[in-house]
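Trainee: Pasting a structure here, questions to come.
The values are calculated or read from the model by the stated rules, or taken from the named source; none is laboratory data. Note that the coordinates shown come from a computational prediction; the quantities given were computed from them, not determined experimentally. Cβ coordinates were reconstructed from backbone atoms using ideal geometry, including for glycine residues, and neighbour counts include every protein chain displayed. Accessible surface areas use protein heavy atoms only, side chains included; no ligands, DNA or RNA. Shrake-Rupley method; radii C 1.70, N 1.55, O 1.52, S 1.80 Å.
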Amino acid sequence: MKRVVILSVLLAMMLPLRSNPRDTDSADVYLITCAPGSESYSIYGHTALRITFRGTGFDMVYNWGIFDFSTPNFVYRFAKGRLDYMLGVYDYEVFLREYFMEGRAVWSQKVNLGTPEKDRLFSLIDENLRPENIKYRYDFFFDNCATRVRDIIAQSASDTIIFPVLEKKKSFRQLINPFQEVMPWLDLGADLLLGRQADRKATASDEMFLPIYLKNNMLNTFIVHGGVQEPLTGPPVTVLDIPYPAEAGNGARVPQAVLYLILLPVLLVTFVFRMPGVEKAFDFLLYFIYSLVAIVLVFTNLFSEHNALHYNLLILGINPLIPVLFVFLFTRKKAISISRAAFALSALWLPVMLITGQGINPALIPLVLIIVTRLFKHCDFGKML
């Protein structure tokens, strides 16, 4: 990935797009959409712009989806919301070859821009390619490879762009779920971290953060030229005809099944069999794991710059009192009052989620029930009778 970044920057410095009106007349602009891939970072698909100058051999792709895994503290920066993406430029044939090797379909839509609008687009791209602008702060829902293309096309318009009006809106969470279901554990992880912001209903323009929705919604988007509404893009033309990856099928329920299988022995040990040694081992392992999750939830709720991670009510079900209880457990001290408070918060999680409308991944229910069961055990409610 690093090699691609370096090559892209070098090409960007050598290939300014500003041109005189005669050159712009010969230019064609295409929206390029790539199907989802098999890697975790590619399951949502990809978007880029292709620009050609007829009769010149100039045929380049402008890609706002470049990032570098070797960035220091990559995972922390991503979670914190401080990961920078950048604009890269490379030959269209090189771009297609990459997606052919990955087994991913590619579609092309010609963008209906007049000569002044194309000239404006080229100026905006050149501005993006300046060293001080080539990087941008990535945001999955609101500032990514697809929204950058949507916005730069909209900014190029001389008049109005009219996005379609949806009869039935979906939430951001509902939009991404079908893409994530091919990786069920990733789907669970996303729903574990996403807060109530992800349950906001998305407009047609909002939906365009996903490349496939950008492609489809562009078909019903219009641009005003001389007081007349015209389609903003032509219909998609298949460039690489490669089938989608197989759907998740029953595999989507694997995390849910695994967590219920873990819940079963926890229930048996807690309420049926008296096995103090096994209970202690369960408690040490479970409180340790849930303490880590609780700390992550505190971090994402309070300190991450990703707004979509804020107001995550799962912080009730796996709450910050659990790490405190782990310390007491480790030091072999009882903390009945804290256990009761933690139990009350965890027990409130599901009704609060249902009332507020935050999306619930079915696998989160057994995940929370596991710790609720052990918290109940340590509450010593029998002593209150």
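Trainee: What are the residues in the range 107-126 that are among the charged types (D, E, K, R), farther than 16 Å from Glu230 by Cα and open to solvent by 30 Å² or more (accessible area, probe 1.4 Å), if any?
Mentor: The answer is Asp119, Arg120.
Trainee: Go over the candidates Phe209, Phe179 one by one and state the one that is under 12 Å from the mean Cα position of the chain (by Cα) and at pLDDT 95 or above.
Mentor: Phe209
Trainee: Okay, next question. Does the range 144-162 contain any residue that is farther than 23 Å from Tyr30 by Cα, at pLDDT 95 or above and open to solvent by less than 20 Å² (accessible area, probe 1.4 Å)?
Mentor: No - not one qualifying residue is present in the range 144-162.
Trainee: Another question about this same structure. Here is a list of conditions, (1) at pLDDT 95 or above; (2) small (Gly, Ala, Ser); (3) surrounded by fewer than 19 Cβ atoms within 10 Å (Cβ to Cβ), and Ala363 meets all of them except one; can you say which number that is?
Mentor: So Ala363 meets the others, but not (3).
Residues are listed down the side, and each one gets a yes or a no for (1) more than 25 Å from Phe140 (Cβ to Cβ); (2) more than 29 Å from the chain's Cα centre (by Cα):
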residue	(1), (2)
Leu316	no, no
Lys334	yes, yes
Ser346	yes, no
Met353	no, no
Lys377	yes, yes
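Trainee: Among the residues of the range 242-269, how many are modelled with pLDDT of 85 or more and either touching a strand residue (DSSP E or B) at 6+ places or on another chain (Cβ under 7 Å) or open to solvent by less than 90 Å² (accessible area, probe 1.4 Å) (or both)?
Mentor: Count: 14.
Trainee: So Arg130 fits all but one of (1) open to solvent by less than 70 Å² (accessible area, probe 1.4 Å); (2) farther than 25 Å from Leu240 by Cα; what number is the exception?
Mentor: Status for Arg130: all satisfied but (1).
Trainee: Here is a further query. So which residues in the range 301-320 are of a type in the set (A, V, I, L, M) and open to solvent by 50 Å² or more (accessible area, probe 1.4 Å), if there are any at all?
Mentor: Listed by number, the list holds a single entry, Leu302.
Trainee: Pro235 - would you say it is open to solvent by 80 Å² or more (accessible area, probe 1.4 Å) and in contact with a Gly (Cβ under 9 Å, 6 or more places away or on another chain)?
Mentor: no
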